[in-house]
Amino acid sequence: MKIAFWSPMHGTGTTANLMALMLAIAEDSDRSVLLTQTHYCMNDLEGPLVAGLKGADREDYFTDMGIDAVVKYYKSGMLSKEILESCATEITDRISLLAGTRQCSRTAFENGMVSRIVERIFDASQEFYDWVVIDTNSGFSQTSTSILKDADIVVVTLRQNRALLDELFRNEEFLGLDHDRVFYIFGSYDKDSKYTLNNLKHIYRNITSVNSAGLPHCTGYMDALCDRKAAGYIRSGLSDPERSDREFFAALKEASKKLLSMTTKATKVTKAGRSA
């Protein structure tokens, strides 16, 4: 299964939400997960996850690893589970991280053959992992749009912002987003706002109680991301219901449960389609 995390605009917390949700789901699921991303700059999926691993503080830690390394193998006609594992970093016994490209040029990465090869690699990786989870570039780039259309589940990160929501749903048809495979996650969620999930679902017909959740702002988690201690923070918070940030973790557990339920239904539909 391919799961794409995306937002119509930068700065909504897509990467932070991806890490929190995947780490939480890993605690209650036996699925093998490959995390990766298509950003060519201004993204730090890797840092908060690999901090503390042996050698991770070296600048050359990801040399000969990540997407760029897999692309070289793919061009040579070589792609196997062993090769993917050698190019990825094990975060937990269920989660592996395939670092993003080291290229810093949008043109070189998104408009060339490399981006098409990367998409083929994501497709092939599904043979070796239960989930391939992709942190896509925000906005409506060619690469992101292509990945969203092909994903089994699209997790859209939003804010309680009418202008942002109006823009998203105006472009929904263009993106090819299917209501049944989209999960809406609202970061920095404010339960006291006029635009609660309960009210928003009456304004936007595609938002429902089943396919949406809110994660309140959590200073501790934001600090953990900056300190590159995200994995430890999430694990400890999930196991301690008496923490001061328990509201965040209660919401995270609820969001994880909803997303896991959606993926289970999508898997059944996919299998049924193949059988037919």
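Observations
- Options LEU97, SER80, THR267, ranked by Cα towards positive dipole end of the chain, top entry (Cβ charges): THR267
- Formal net charge of residues neighbouring PHE249 (Cβ-Cβ distance under 12 Å; K, R +1; D, E -1): -2
- Ordering SER188, PHE5, ASN211 by Cα displacement along the dipole of the chain toward the positive end leaves ASN211 in first place; charges were set at the Cβ atoms of Lys, Arg (+1) and Asp, Glu (-1).
- Dividing the mean sequence gap of close Cα pairs (under 8 Å, 6+ apart) by how many residues the chain holds gives a relative contact order of 27 percent.
- Links that overshoot a 19 Å alpha carbon limit, given the list LYS2/LYS81; LYS2/LYS265; LYS201/LYS258; LYS75/LYS149; LYS2/LYS258; LYS81/LYS265: LYS75/LYS149; LYS81/LYS265
- Computed label-point distance, nm, for sites ASP130 and ASP64 using a 7 Å Cα→Cβ extension: 3.2 nm
- Helix runs (DSSP H) in the chain reaching 15 Å along axis by Cα, Kyte-Doolittle at least -0.5: 14-28, 113-125, 246-275
- The GNM of the chain, with springs linking C-alpha atoms under 10 angstrom apart, assigns the highest mean-square fluctuation among GLY214, GLY237, GLY187 to GLY237.
- Neighbour-limited loop hits for trypsin sites (Lys or Arg not before Pro), segment 197-256 (at most 13 other Cβ within 10 Å; DSSP other than H, G, I, E, B): ARG205
- Think of each Lys and Arg Cβ as +1 and each Asp and Glu Cβ as -1; about the Cα centre, that makes the dipole of the chain roughly 700 debye.
- Between SER86 and ILE117, residue separation times 0.36 nm minus the direct Cα-Cα distance comes to 9.3 nm.
- Rounded to 5, percent antiparallel among DSSP beta bridges of the chain: 5 percent
The numbers here are math on the coordinates, done by the rules we state, and not lab data. All values derive from a computational prediction rather than experimental measurement. Quick reminder, even Gly has a Cβ in these numbers, built from the backbone with ideal geometry, and neighbours come from all protein chains shown.
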